[in-house]
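Q: Quick one: the structure is below, and I'll ask about it shortly.
Readers should treat all values here as calculations from the given coordinates under stated rules, not as data from a laboratory. What you see is a predicted model, and the numbers here were worked out from it, not measured in a lab. Here the Cβ positions follow ideal geometry from the backbone for every residue, glycine too, while neighbour counts run over all protein chains shown.
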Amino acid sequence: MTNASLPGQRAIPLRPPARQVAGATRLFTAGPSTDLRNYGYLWAPPDTHVEYETVQGKAAKRTVQPSRGTWSPPVDAVKLLDRRDVRLDQGVSSACERFSVGNASVPQGLTPTNAQCLAGYHRAQELDEWPGAEPRYYGTSGNGACKAAREEGIVKSWWYVPEDRPEYIVAAILFGYAVQWSGVWTEGMAWPNDAAVMSSAGAPIGGHATVFDGWIGPWGLLRVVNSWSEEWGKDGVAYLSWDDYLRNHWERWPEAIIINYARP
């Protein structure tokens with residue numbers, strides 16, 4: 001079943017579909033935040049200067065002005081947020097949404113743990129858009145995960161990237177925000193190549209939530225932080241091309257959340 005009753009909104013599942021890939025040890029159960037009454041504000045980068053390193057290693061100041069037309073991700077920018085030594089692992093749980101909220105907090109100075117994220121996931125199921133919890137359904141939404149983290153005193157507020165402005169994801173990274181991202185993953189995304197590069201190729205697998213926390217403009221790559229331990233990708237991190245992201249964004253349900261954390 002889908003929810004297609006809201007004008008201008010895509011048809012999206014009423015609850016996360018539980019799916020486990022044969023031979024895999026991970027579940028794909030993330031779901032979209034269907035209850036728009038619980039949405040936070042839509043985010044837009046401020047019309048101000050943002051400083052970032054260029055490919056030459058020099059600092060550059062640029063002005064992001066979304067109100068003056070389409071803003072394109074800069075090809076000379078290199079911005080990788082500080083990951084420190086945090087490597088989360090959700091195991092075989094369906095808690096990717098809450099784990100990704102944890103991963104997105106790391107550049108803001110927080111140090112999430114697996115136990116904290118797993119406990120927050122179960123609370124998120126009580127707060128999300130669907131009645132019941134495991135084993136009635138598995139997974140949750142980004143909205144539910146943010147609500148649970150707010151109760152924990154970790155999250156103060158959150159904003160959604162407008163569906164028609166995916167370039168704001170890169171703008172958020174340049175302003176120092178890691179972006180929690182939920183979407184339908186393909187086989188090529190779940191299993192990056194030897195260079196830790198993901199691909200939108202292959203059959204759709206199911207919903208999964210991760211974090212974008214870096215932009216390498218010269219190569220057109222987003223850095224992706226997963227919650228599948230350091231064994232996934234390269235030390236728990238992989239890269240997705242901007243073109244592949246946009247292909248996934250427009251063909252399947254997109255959801256990107258920018259979170260304002262309570263600083264330690």
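Q: What number does the range 151-196 give for Rg over Rh if you use C-alpha atoms and the Kirkwood radius?
A: Radius of gyration relative to Kirkwood radius: 1.07.
Q: Please report the base-10 log of the normalised intensity I(q)/I(0) for the range 177-250, using a Debye sum with one equal scatterer per alpha carbon and no solvent, at each q in 0.12, 0.15, 0.24 (1/Å).
A: -0.27, -0.42, -1.20
Q: Evaluate the distance, in nm, between pseudo-label points positioned 7 Å from the Cα of ALA262 and of ARG136 along their respective Cα→Cβ axes.
A: 2.9 nm
Q: Determine the gain in length on full extension of the stretch LYS234-ASP85; use 0.36 nm per residue of separation and subtract their C-alpha separation, reporting nm with one decimal.
A: 52.3 nm
Q: Given the Cα-Cα distance of GLU187 and GLU251 and 0.36 nm per residue of separation, how much length would full extension add, in nm?
A: Details: separation 64, 0.36 × 64 = 23.04 nm, distance 1.54 nm.
Between GLU187 and GLU251, full extension yields an extra 21.5 nm.
Q: Using every pair of alpha-carbon atoms in the range 136-264, split the distances into 10 Å bins beginning at 0 and state the percent of pairs per bin, rounded to integers.
A: 12, 44, 35, 8, 0
Q: Could you rank the peptides 87-99, 214-226, 111-123 by their average count of other C-beta atoms within 10 Å per residue, with the highest value first?
A: My ranking of the peptides, most packed first, is 87-99, 214-226, 111-123.
Q: Right, next: Amide H of TYR239: which non-local residues (sequence gap of 5 or more, or other chain) have their own amide H closer than 5 Å, using H built in the peptide plane?
A: So TYR239 has HN proximity to VAL197, MET198, VAL224.
Q: Which distance in Å, rounded to a whole number, links the C-alpha centroids of the range 80-153 and the range 200-231?
A: Using only Cα atoms, the two centres lie 17 Å from each other.
Q: Roughly how many nanometres apart are two label points built 7 Å out from the Cα toward the Cβ at GLU152 and ASP76?
A: Between GLU152 and ASP76, the simple spin-label model gives 4.1 nm.
Q: While we're looking at this one, here's another question. Please give me, ordered by residue number, the GluC sites (Glu not before Pro) of the range 178-232 that lie in loop per DSSP and have at most 14 other Cβ atoms within 10 Å.
A: When the GluC sites (Glu not before Pro) of the range 178-232 are filtered for loop state and at most 14 Cβ neighbours within 10 Å, GLU230, GLU231 remain.
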